[in-house]
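Structure first, commentary second.
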Amino acid sequence: MRHFRLIWNGKVYEFDAEEIGGSEPVVTSVSNVTAAEPVVQTKAPAEVVPASSPAVSSSSESEVLAPLAGRIFDIVVKPGDSVQEGDVVVVMDAMKMEVPVYAVSDGVIKSIEVKKGDLMETDQVIAIIG
């Protein structure tokens, strides 16, 4: 039996699952606890980092690229803000899920190339870090 926690739209769902004969896990119990405050993750977990490398120009600028197609839901930083690698830059809405997009390097936000509501394609430039 394994215990799991899923956070979805500020709600925390906890459940236990067990493997039965090599098949997919079967959920045996679920509890729903509403978080008092929305959960905001400020550092990128290792498995969320995009597989592609950030584009880097000769002037040591980094481009924050859209990891998937979707709409810009929220812009967390503004030009002039200092960021560290893994800080949330924008939040995208894709398939009714909020997807944080993280800074790819330490630096200062030189420009934001999007506005709220913009539709993005995969690998489209969102921001430039210098």
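The values are calculated or read from the model by the stated rules, or taken from the named source; none is laboratory data. Keep in mind it's a predicted model, so treat the numbers as computed, not measured. Note that we place each Cβ from the backbone using ideal geometry, even for glycine, and neighbour counts take in every protein chain shown. SASA here: full protein model, heavy atoms, side chains in, ligands and nucleic acids out. Shrake-Rupley method; radii C 1.70, N 1.55, O 1.52, S 1.80 Å.
Pairs linking a residue in region 108-124 that is in contact (Cβ under 8 Å) with a residue 24 or more places away in the chain to a residue that is open to solvent by 100 Å² or more (accessible area, probe 1.4 Å) and part of a loop (DSSP other than H, G, I, E, B), with Cβ atoms under 9 Å and 6 or more positions apart or on different chains, are Ile109/Lys78; Ile112/Lys78. Scanning region 93-118 for residues that are touching a Gly at 6+ places or on another chain (Cβ under 8 Å) and open to solvent by 100 Å² or more (accessible area, probe 1.4 Å) yields Met95, Lys110. Checking Val64, Val90, Val76 one by one, the residue that is open to solvent by 50 Å² or more (accessible area, probe 1.4 Å) and at pLDDT 90 or above is Val76 and no other.
For region 80-98, enumerate the residues that are touching a residue at least 40 places away in the same chain (Cβ under 8 Å) and closer than 14 Å to Lys110 by Cα. Val83 - this is the single residue of region 80-98 that is touching a residue at least 40 places away in the same chain (Cβ under 8 Å) and closer than 14 Å to Lys110 by Cα.
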